[in-house]
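Undergrad: Quick one: this structure, given as structure tokens, is what I'll be asking you about.
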Amino acid sequence: VQLQASGGGLVQAGGSLRLSCAASGGTFGNYGTGWFRQAPGKEREFVASVSWKGSSTNYADSVKGRFTISRDSAKNTVYLQMNSLKPEDTAVYYCAAAAMWSHPAFASEYDYWGQGTLVTVSS
């Protein structure tokens, strides 16, 4: 499975962006999907995940109430809608897919990773 993340850019604090993660070479519905981010000088951290059929989602405390993860199986795409963005949301955002997981917040549980898309939030 190949993952292509897109939708990053420069936005002012309080603004919104929608990231997309498009899958090819496989059926995205067979994989749980997560978004992670890595800010300069920091470790990669979990942002959000959605289960295979989209029935279950999880979010990091830092983004709850502001970010929404969803999937469109027909388009083989997972989205991350980001609202009320803050400067501390600035990072490279990665999408990842897992054939199975016990702890979707753990990066080690994911089998495939996209190349990342940069989100910059100005104050």
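Undergrad: Looking at the range 108-119, is at least one residue open to solvent by 60 Å² or more (accessible area, probe 1.4 Å) and farther than 19 Å from Val1 by Cβ?
TA: The answer is yes, given that some residue of the range 108-119 is open to solvent by 60 Å² or more (accessible area, probe 1.4 Å) and farther than 19 Å from Val1 by Cβ.
Undergrad: If you take the residues in the range 44-55 that are small (Gly, Ala, Ser) and within 11 Å of Trp101 (Cβ to Cβ), which one is modelled with the highest pLDDT?
TA: Ser49
Undergrad: Filter the range 51-77 for residues that are out of contact with any Asp or Glu (no Cβ under 8 Å at 6 or more places or on another chain) and aliphatic (A, V, I, L, M); which is nearest to Ala5 (Cα to Cα)?
TA: That would be Ile69.
Undergrad: Take the residues of the range 83-103 that are under 13 Å from the mean Cα position of the chain (by Cα) and open to solvent by 20 Å² or more (accessible area, probe 1.4 Å): which is nearest to Gln38 (Cα to Cα)?
TA: Going through the qualifying residues, I end up with Val92.
Undergrad: Scan the strands (runs of 3 or more DSSP E) fully inside the range 28-90 and keep the ones with 1 or more residues being within 27 Å of Ser122 (Cβ to Cβ), touching a strand residue (DSSP E or B) at 6+ places or on another chain (Cβ under 8 Å) and of a type in the set (D, E, K, R).
TA: So the answer is 32-38, 45-50.
The values are calculated or read from the model by the stated rules, or taken from the named source; none is laboratory data. These numbers were taken from a predicted model, which means no experiment stands behind them. Glycine also receives a Cβ, built like all others from the backbone with ideal geometry; neighbour counts cover every protein chain displayed. When the accessible area is computed, the model is the full protein with side chains, heavy atoms only, and any ligands, DNA or RNA have been set aside. Shrake-Rupley method; radii C 1.70, N 1.55, O 1.52, S 1.80 Å.
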